1. Could you tell me which numbered condition Leu428 fails, if it satisfies all but one of (1) surrounded by fewer than 14 Cβ atoms within 10 Å (Cβ to Cβ); (2) outside any strand (DSSP E or B); (3) modelled with pLDDT of 95 or more?
2. Go through segment 325-363 residue by residue and tally those that are part of a loop (DSSP other than H, G, I, E, B), modelled with pLDDT of 95 or more and crowded, with 21+ Cβ neighbours inside 10 Å.
3. Consider Ile200 against the criteria (1) of a type in the set (Val, Ile, Thr); (2) buried (at least 22 other Cβ atoms within 10 Å of the Cβ); (3) more than 23 Å from Pro388 (Cβ to Cβ); (4) away from the ligand (no atom under 16 Å from the Cβ): it satisfies all of them except one. Which criterion is unmet?
4. Taking the options Val146, Val114, name whichever one is in contact with a Cys (Cβ under 6 Å, 6 or more places away or on another chain) and buried (at least 17 other Cβ atoms within 10 Å of the Cβ).
5. Taking into account only those residues within segment 169-194 that are within 16 Å of the ligand (Cβ to nearest atom) and in a helix (DSSP H, G or I), which is nearest to Ile70 (Cα to Cα)?
6. Out of segment 72-86, which residues are among the polar types (S, T, N, Q) and either away from the ligand (no atom under 16 Å from the Cβ) or touching a residue at least 60 places away in the same chain (Cβ under 8 Å) (or both)?
7. Here is a list: Ala285, Ala316, Ala265. Which entry is surrounded by 23 or more Cβ atoms within 10 Å (Cβ to Cβ) and of a type outside the set (S, T, N, Q)?
Amino acid sequence: MPTIYAAVQFPRIASRTYDKEFISSGTDSLPKQTSIPVAHTPTPKKQEKNSGCRVALIGFGTVGRAVAKILCENGGGDLRLTHICNRNVEKKKQSLKPNDVPGDVIWTDDVDTVLNSDVQIVIELIGGLNPAEQIVRRALAAGKSVVTANKQLIARHGPDLLQLAASQGCQIEFGASVAGGVPVLPALRTGLCGDRLHGIAGILNGTCNYILSRIENARIPFSEALEEAQARGYAEADASEDLDGGDARAKLAILALAGLDSRVAPESIRSRSIRTVDAVDFDYAAELGCTIRQISRAELKKNILLAEVGPCLVPADSPFGRVQRNLNLVLTSGQYGGDMAFLGAGAGGDPTAVAVVSDLMFVAQGLSAGRGKKDVPSNVSTQGISTPTISSDFETPWYLRFFVRDQPGIVARLAQILAAHHLNIDSLLQKPGFEKAALPFVITLEPCHDSMLHPALEEMSGLEFTIRPCLCLPILR
Ligand SMILES: NC(=O)c1ccc[n+]([C@@H]2O[C@H](COP(=O)([O-])OP(=O)(O)OC[C@H]3O[C@@H](n4cnc5c(N)ncnc54)[C@H](OP(=O)(O)O)[C@@H]3O)[C@@H](O)[C@H]2O)c1
């Protein structure tokens, strides 16, 4: 049978910011940093008293510390760190090294001390929804601009918060909330706002990418790759948000807002877990010239937004297929400019802090230019945002992997069900050497809509010879 696939989803990437050199070709070596430089020099300077834009930091954890370090090492430029707020603040201060933070910074565990002060920009880095949402709303209501890295907050309340900021003549920026240190949101604002984007896809969760690329390279079971990721600090003890797609779909919702002007509740985006991917799937994927990655994708078609997060087969030599370890990659597709790619560190204190400080500098520029209420710039505009219907009914070729108790007539039975649902088989793959009691084999299908495939999968799930649910993955060519 021929192995022919229609061109689907995001076409090949003609990269502008993407450089082959940044993508590892299968080793564990750490690639170089993202290609967009940030305007600061690492020369330690003293904070100029009474000058610059007054900034308060709420949340002195991994990212907060790194932000304070950059501000202090660079003397802050036009930025002056005046307050640091954290619960149990005395304990936090004990872990400081000399010169970590300028001596004139006010430390407090009382948010009101910050909100009632004359600071102009509040950095929210405590994470989560509560009390972050209240703090951000109160800061904006008081006319203070906000910089945050909080994806859950922005994915759920971004449009409202943008509106509140605009009505108060201030800004809310959240460049670090998607892809950590990779400057995707600023790129959408400055470099791509002249285009009309219709698609965004990305590897947005470093934990999943670490686990999948480890299974790919070492052919270890999923559970072992997860344990390794946890031991290295790449995955939390409860990694459900990462593995089951909750983290990535919050980021996809933000990208849809910023790049496709679409308001999307993260819960309305379907997510499939990577937990069911087996090492043998990488063997079969390789036979098809592919590998497996967790892909978050959104495609705008009139007033329908196709959106989904989950493991997909991608060509091994494509930008997605070559992203190793815990890196992030975002691809955009535009009507005029075609495809663009952005690659780099999606997490980590320092890379994420670079994105936060870049947002701070952007807000401070507006403040020092003395812009009036109506001229406040923003990474993301509140104008022209629509609320499309959300669907996951993508049309792609499909990879179906079965684990069966071997017996005669299995393929004929599956083929019969597929034919009854008008689904065309493209290829059949079966590797030798497996036990008959748990035999994995693969059927690939020619392109069809998700909605056509679903009833066939339900019918197959009741077959007496299957010993595990069928793994069904889209193939993105
Ligand atoms: N870490 C990354 O690589 C990364 C990447 C992209 C985006 N982000 C986002 O950046 C934000 C911060 O992440 P993080 O990794 O820096 O988190 P973190 O290390 O847990 O730091 C959070 C800090 O906020 C403090 N805090 C929590 N609740 C508080 C409250 N109610 N009042 C005052 N202080 C409070 C915590 O104090 P305790 O120490 O007492 O708990 C901690 O110092 C999150 O929104 C996260 O999603 C992080």
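The values are calculated or read from the model by the stated rules, or taken from the named source; none is laboratory data. Nothing here was measured: the structure is a model prediction, and the numbers come from that model. Ideal geometry is used to build each Cβ from the backbone, glycine not excepted, and the neighbour counts take in all protein chains shown.
1. Checking Leu428 against (1) surrounded by fewer than 14 Cβ atoms within 10 Å (Cβ to Cβ); (2) outside any strand (DSSP E or B); (3) modelled with pLDDT of 95 or more, the one that fails is (2).
2. Qualifying residue count, segment 325-363: 0.
3. (3)
4. On the way: Val146 fails: in contact with a Cys (Cβ under 6 Å, 6 or more places away or on another chain).
Going through Val146, Val114 in turn, just one is in contact with a Cys (Cβ under 6 Å, 6 or more places away or on another chain) and buried (at least 17 other Cβ atoms within 10 Å of the Cβ): Val114.
5. The initial filter retains those residues of segment 169-194 that are within 16 Å of the ligand (Cβ to nearest atom), namely 172-186.
Narrowing the set further to residues that are in a helix (DSSP H, G or I) leaves 175-177, 184-186.
Values: Gly175: 17, Ala176: 15, Ser177: 18, Val184: 21, Leu185: 21, Pro186: 19 Å.
Looking at the filtered set, the residue picked out is Ala176.
6. Quick first cut of segment 72-86, residues among the polar types (S, T, N, Q) only: 74, 82, 86.
Asn74, Thr82 - these are the residues of segment 72-86 that are among the polar types (S, T, N, Q) and either away from the ligand (no atom under 16 Å from the Cβ) or touching a residue at least 60 places away in the same chain (Cβ under 8 Å) (or both).
7. On the way: Ala316 fails: surrounded by 23 or more Cβ atoms within 10 Å (Cβ to Cβ); Ala265 fails: surrounded by 23 or more Cβ atoms within 10 Å (Cβ to Cβ).
From the options Ala285, Ala316, Ala265, the qualifying one is Ala285.
For every residue, the table says whether it meets (1) among the β-branched types (Val, Ile, Thr); (2) within 12 Å of the ligand (Cβ to nearest atom); (3) without any contact (Cβ under 8 Å) to a residue 24 or more places away in the chain.
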| site | (1), (2), (3) |
| --- | --- |
| Asn88 | no, yes, yes |
| Ser95 | no, yes, yes |
| Pro98 | no, no, yes |
| Thr108 | yes, yes, no |
| Val114 | yes, yes, no |
| Ser117 | no, no, no |
| Asn130 | no, yes, yes |
